[in-house]
1. Restricting to segment 7-17, give me the number of residues that are out of contact with any helix residue (DSSP H, G or I) (no Cβ under 8 Å at 6 or more places or on another chain), surrounded by fewer than 16 Cβ atoms within 10 Å (Cβ to Cβ) and either touching a residue at least 24 places away in the same chain (Cβ under 8 Å) or not in a helix (DSSP H, G or I) (or both).
2. For segment 24-135, give me every one of the strands (runs of 3 or more DSSP E) that falls completely inside it and has 2 or more residues that are modelled with pLDDT under 85, loosely packed, with under 14 Cβ neighbours inside 10 Å and within 20 Å of the chain's Cα centre (by Cα).
3. Can you pull out the residues in segment 61-88 that are charged (D, E, K, R) and touching a residue at least 40 places away in the same chain (Cβ under 8 Å)?
4. So is Thr127 within 30 Å of Thr145 (Cβ to Cβ) and either in contact (Cβ under 8 Å) with a residue 40 or more places away in the chain or in the same structural domain as Leu17 (by TED's automatic domain parsing) (or both) or not?
Amino acid sequence: MTRTTATGLEVLAALALPALAGLDEARAAGRSCVWGGEPLENPTAVDLGVQLVDGRTWFPRACRTCIAQRAHQALVAHAPMCPACRSEDAADCPLGAALRHLVAAHTPVRYCSACSRQIGPGEEYETHLSQSPSGAGGATTHTHTKCPRRRR
């Protein structure tokens with residue numbers, strides 16, 4: 001993500017980066033997620049651009065889960081107030097389009113094993129782990145919190 005465009009600045013404002021003063025050194029340096037604090041690896045980290053605050057430079061990065069959640073929260077807050085987002089052609093709003101792109105790009109696709117529908121951003125779900133009979137492997141399945149768990 002770049003900070004050089006007006007839309008980039010709007011997106012960063014909508015995502016609500018935490019204050020630099022409240023961050024530990026690993027978060028400020030981009031080694032840990034700026035929101036969740038989990039350690040990051042270069043291939044999966046989302047770069048939020050170089051930030052300059054009160055003469056200090058910092059390098060916030062986020063994990064995909066946190067960036068998708070923050071973008072979804074920002075979109076839910078933004079869209080009802082934006083005439084362009086409420087219209088039939090929501091592509092007219094650059095901020096809404098950028099937030100939708102972040103949600104889509106960083107949300108893992110999960111399907112409910114009970115109803116087979118996709119579990120969308122913000123929907124509550126449960127994760128179920130199962131062990132194979134041989135003990136050599138297993139599977140992870142997901143169900144919406146409101147769906148009954150499928151029996152096997």
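The values are calculated or read from the model by the stated rules, or taken from the named source; none is laboratory data. Since the model is a prediction, treat every value here as computed from it, not as a measurement. Positions of Cβ are backbone-derived with ideal geometry, glycine not excepted, and every protein chain shown enters the neighbour counts.
1. The total comes to 0.
2. In segment 24-135, no matching strands (runs of 3 or more DSSP E) lie anywhere.
3. Answer for segment 61-88, where residues must be charged (D, E, K, R) and touching a residue at least 40 places away in the same chain (Cβ under 8 Å): Arg64, Arg70.
4. Here the answer is no, as Thr127 does not meet what is asked.
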